[in-house]
Amino acid sequence: DAIRLPQGYAYEILAPWGTPLLAGAPEFAEDASNTAADQARQVGFNHDGTHYFPLPKFGNSRGLLVMNHEYTDANQIYSAAQGAAITPDAAGREKVAKALAAHGVSVIAIAKGASGDWNVVKGDPYNRRITGTTPMAFSGPVRADHPMLLSTITPSPIGTLNNCASGKTPWGTYLSGEENFIFYFGLGEAAPDADQKRWGLRKTTSYRWDEHDERFNAARHPNEFNRFGWVVEIDPMDPKSTPVKRTALGRA
């Protein structure tokens, strides 16, 4: 895990998992004992595609670092006392909630100090967490009122998961693709329909979310599954904007 750089270059750790981000966020607990509510206000897990958006009025001294969080590792995000197993009880539901909060995207305000080092600006109005439970909009040929997207358990679409890779658009937004979303949904003993079979949906997954969060039971709520696997667009410059799943760009 050593970092090797060319001569004349240096590195610094800036925004690792668990960095306090939103107002009231606690410090990261080294024993992984932070709760789901804590995690929702901290930087998420497993950074993937990262882009920098400068704030023009500050020149090159302040901007927004936007990064997606691809997946969670149960051997790391829960404490040793909790263990990695997702048990069928309140503790298991809390674990699923923490994993959902660790997914998604973080928008992080950073600023260059007098000595040239960069730091996270905690509590900045631009700071933002987009997670597995954040309200989402749909835009393109497939909209939220499409029959295959209607779901009784979450009347309005929520959440983005397994965000992999990213891109910065010419118009100043951030794109991220939702991959491997099939691994979050389970069918139990139910037989898959034709579409679920085509995607490779299984009885259950290593995450076992379907056993503890009704949203991910694809037998009971088949359309919830269809709300994932899209390209998500986020406007980091507007912290009050709703993330949009762009169906014109396709499903992962």
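Details
- If the condition is being more than 21 Å from R251 (Cα to Cα), basic (K, R) and in contact (Cβ under 8 Å) with a residue 24 or more places away in the chain, then the range 198-219 contributes only R208.
- For the range 181-210, a residue qualifies if it is assigned to a helix (DSSP H, G or I), more than 17 Å from L100 (Cβ to Cβ) and of a type in the set (D, E, K, R), and the qualifying residues are D195, K197, R198.
- Out of G167, G188, G123, one residue alone is within 28 Å of A85 (Cβ to Cβ), modelled with pLDDT under 95 and loosely packed, with under 14 Cβ neighbours inside 10 Å. It is G188.
- Flag if Y174 is touching a Ser or Thr at 6+ places or on another chain (Cβ under 7 Å), surrounded by 21 or more Cβ atoms within 10 Å (Cβ to Cβ) and among the aromatic types (F, W, Y): yes
- Whichever residue in the range 74-93 is modelled with pLDDT of 95 or more and surrounded by 14 or more Cβ atoms within 10 Å (Cβ to Cβ) and, among such residues, is farthest from E12 (Cα to Cα): Y78
- Selection from the range 129-151 of residues that are on the phi > 0 side of the Ramachandran plot and open to solvent by 30 Å² or more (accessible area, probe 1.4 Å): none
- Filter pass, L21 being closer than 25 Å to K168 by Cβ, modelled with pLDDT of 95 or more and open to solvent by 10 Å² or more (accessible area, probe 1.4 Å): no
- Among the conditions (1) of a type in the set (D, E, K, R); (2) at pLDDT below 95; (3) crowded, with 18+ Cβ neighbours inside 10 Å, R62 misses just one, which is (2).
- Restricted to the range 104-120, and to residues there that are among the polar types (S, T, N, Q) and in a strand (DSSP E or B), the residue that is surrounded by the fewest Cβ atoms within 10 Å (Cβ to Cβ) is N119.
- Verdict on A101 being among the small types (G, A, S) and open to solvent by less than 30 Å² (accessible area, probe 1.4 Å): yes
- Here is the figure for the range 26-36: residues that are within 16 Å of K95 (Cα to Cα), open to solvent by 40 Å² or more (accessible area, probe 1.4 Å) and without any contact (Cβ under 8 Å) to a residue 60 or more places away in the chain total 2.
- When residues of the range 215-234 are limited to those that are more than 28 Å from W171 (Cβ to Cβ) and basic (K, R), the one most open to solvent (accessible area, probe 1.4 Å): R220
The values are calculated or read from the model by the stated rules, or taken from the named source; none is laboratory data. Remember, predicted model here, so these are calculated numbers, not experimental data. Positions of Cβ are generated from backbone atoms using ideal geometry, with glycine treated the same way; all protein chains shown enter the neighbour counts. Side chains are part of the model used for accessible areas, which takes the heavy atoms of the whole protein and leaves out ligands, DNA and RNA. Shrake-Rupley method; radii C 1.70, N 1.55, O 1.52, S 1.80 Å.
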